[in-house]
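So the structure is just underneath, and the comments pick up after that.
The values are calculated or read from the model by the stated rules, or taken from the named source; none is laboratory data. Please read these numbers as outputs of a predicted model, since none were measured by experiment. Glycine also receives a Cβ, built like all others from the backbone with ideal geometry; neighbour counts cover every protein chain displayed. These accessible areas exclude ligands, DNA and RNA; they are computed on the full protein's heavy atoms, side chains included. Shrake-Rupley method; radii C 1.70, N 1.55, O 1.52, S 1.80 Å.
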Number of protein chains: 2
Amino acid sequence: MDHPDYDCGVNVAFDVVGTKWKPTILWCLSQGARRFAALRREVGAISEKVLAQQLRELERDGIVTRTVHEGFPLRVEYTLTERGTRLDAALTAVAEWGEQNVDHVVAARASAHA
Amino acid sequence: MDHPDYDCGVNVAFDVVGTKWKPTILWCLSQGARRFAALRREVGAISEKVLAQQLRELERDGIVTRTVHEGFPLRVEYTLTERGTRLDAALTAVAEWGEQNVDHVVAARASAHA
């Protein structure tokens, strides 16, 4: 890949989704639109501040859309964009590899540090 | 995914390969066994020290095998393990996503910081 900022397409994807929480956020939104509170419950032990920051970054990168529905009370929903849906799909095989190899990786690291 | 250290398989894979150089190292080794000097030339602007460290980590995690061939001079070769080959394959779709979306991501970040 010939780009001034990146050697490899994988690095681009890692930049966009390579934090502790973003893969889980993508997975939750791949199941459908979510409101902030529901998303926070689903993602798990994430603070409001961190979830808001992760969503802002995903929105900036064109992965998530934030929609405000008029009415009382105001309703704010988050959904995956087309770009985000394709990234989530591309990550499926990576998630499977991770699930199949987590025990090996954790054990290999434990013995390396023993 | 129910694991004390990881919420999602993607995080496991990112832990194993989520550095600037490791995706490119994996790609180079997916093309066949490489000696250190050849790998360093192919990967590009990476220092000897950093490449050696990345290879040690990949070897620890079971992604790369380091083989010493007896003889004079001694020959050391690096190859992908079966586990590494499957990870490299799983990353193909992610690399494609990155190549297709790099311009959008770079532009989105530039305008966000403008």
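Data table
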quantity	calculated
Region A:20-56, residues that are aliphatic (A, V, I, L, M), within 17 Å of A:L91 (Cα to Cα) and open to solvent by 50 Å² or more (accessible area, probe 1.4 Å)	none
Contacts under 8 angstrom Cβ, first residue in region B:7-23 being within 22 Å of B:Y78 (Cβ to Cβ), partner basic (K, R) and buried (at least 20 other Cβ atoms within 10 Å of the Cβ), 6 or more apart	B:V16/B:K22
Residue count, region A:72-114 (criterion: modelled with pLDDT under 95, more than 17 Å from B:G84 (Cα to Cα) and not β-branched (V, I, T))	9
Exclusive hit being in a helix (DSSP H, G or I) and either within 9 Å of chain A (Cβ to nearest Cβ) or not basic (K, R) (or both), set B:A13, B:A45	B:A13
Residue in region B:64-75 that is under 22 Å from B:T19 (Cβ atoms) and in contact with a Lys or Arg (Cβ under 8 Å, 6 or more places away or on another chain) present	no
Residue list for region B:57-114, filter: within 19 Å of B:V43 (Cβ to Cβ), assigned to a strand (DSSP E or B) and open to solvent by 70 Å² or more (accessible area, probe 1.4 Å)	B:R66
Residue within region A:59-69 that is under 16 Å from B:M1 (Cα atoms) and out of contact with any strand residue (DSSP E or B) (no Cβ under 6 Å at 6 or more places or on another chain) present	no
Long-range neighbours under 6 Å by Cβ, at least six apart or interchain, first residue within 16 Å of A:P23 (Cα to Cα) within region A:34-56, second part of a loop (DSSP other than H, G, I, E, B)	A:I46/A:W21; A:Q54/A:W21
Output for region B:1-47, where each listed residue is under 20 Å from A:A108 (Cα atoms) and small (G, A, S)	B:G9, B:A13, B:G18
First in region A:99-114 and at the interface with chain B (Cβ under 8 Å from one of its Cβ atoms), second anywhere and aliphatic (A, V, I, L, M), Cβ under 7 Å, 6 or more apart	A:E99/B:M1; A:N101/B:V12; A:V102/B:V12; A:V105/B:V12; A:V105/B:V16
